[in-house]
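Undergrad: Have a look at this one before I ask anything.
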Amino acid sequence: MSDYKKLTRVREGRKIAGVCGGLAKYFNIDPTLVRIIFLVLLFMVGGGFLIYLIIWICAPEENELP
């Protein structure tokens with residue numbers, strides 16, 4: 001088994017697609033903090049939705065890994 005981490009979307013505790021939960025698990029931080037960061041990016045910069053969408057498309061769900 002390898003020691004590297006892989007970014008995945010979580011299935012348990014997700015609100016929309018599990019992106020924020022997956023990022024929080026990857027960086028070992030609270031998912032609420034990640035959700036707040038995405039909201040700030042959405043309203044201040046406008047890129048939060050685009051980043052969220054890209055991660056949603058690219059990151060597999062937890063149980064989809066081989």
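The values are calculated or read from the model by the stated rules, or taken from the named source; none is laboratory data. Just so you know, these numbers come straight off a predicted model, no measurement behind them. These area figures cover heavy atoms from the full protein model, side chains too; ligands, DNA and RNA do not enter into them. Shrake-Rupley method; radii C 1.70, N 1.55, O 1.52, S 1.80 Å.
Undergrad: Leaving out ligands and nucleic acids, and using a 1.4 Å probe, what accessible area per residue does the chain come to in Å²?
TA: 77 Å²
Undergrad: Starting from the residue with the highest accessible area, list THR8, THR32 in decreasing order, probe 1.4 Å.
TA: THR32, THR8
Undergrad: Express the carbon and sulfur contribution to the solvent-accessible surface of the chain as a percent, rounded to the nearest whole number, probe 1.4 angstrom.
TA: Whole-percent figure for carbon plus sulfur exposure: 64.
Undergrad: Among VAL19, VAL45, VAL34, which one moves the most in a GNM of the chain with springs linking Cα atoms closer than 10 Å?
TA: Comparing VAL19, VAL45, VAL34 in a Gaussian network model of the chain, the most mobile one is VAL45.
Undergrad: Grab the DSSP H runs of the chain that are 4 residues or longer, score each as -39,500 (n - 2.57), total them, divide by all residues and round the 222 nm result to the nearest 500 deg cm²/dmol.
TA: -13500 deg cm²/dmol
Undergrad: Rounded to whole Å, give me the distance from the Cα center of segment 10-27 to that of segment 42-61.
TA: Centre-to-centre (Cα) distance: 13 Å.
Undergrad: A further question follows. Evaluated at 4 °C with a viscosity of 1.567 mPa s, what Stokes-Einstein diffusion coefficient in µm²/s does the chain have when Rh comes from the Kirkwood expression over alpha-carbon pairs?
TA: In µm²/s, the coefficient rounds to 106.
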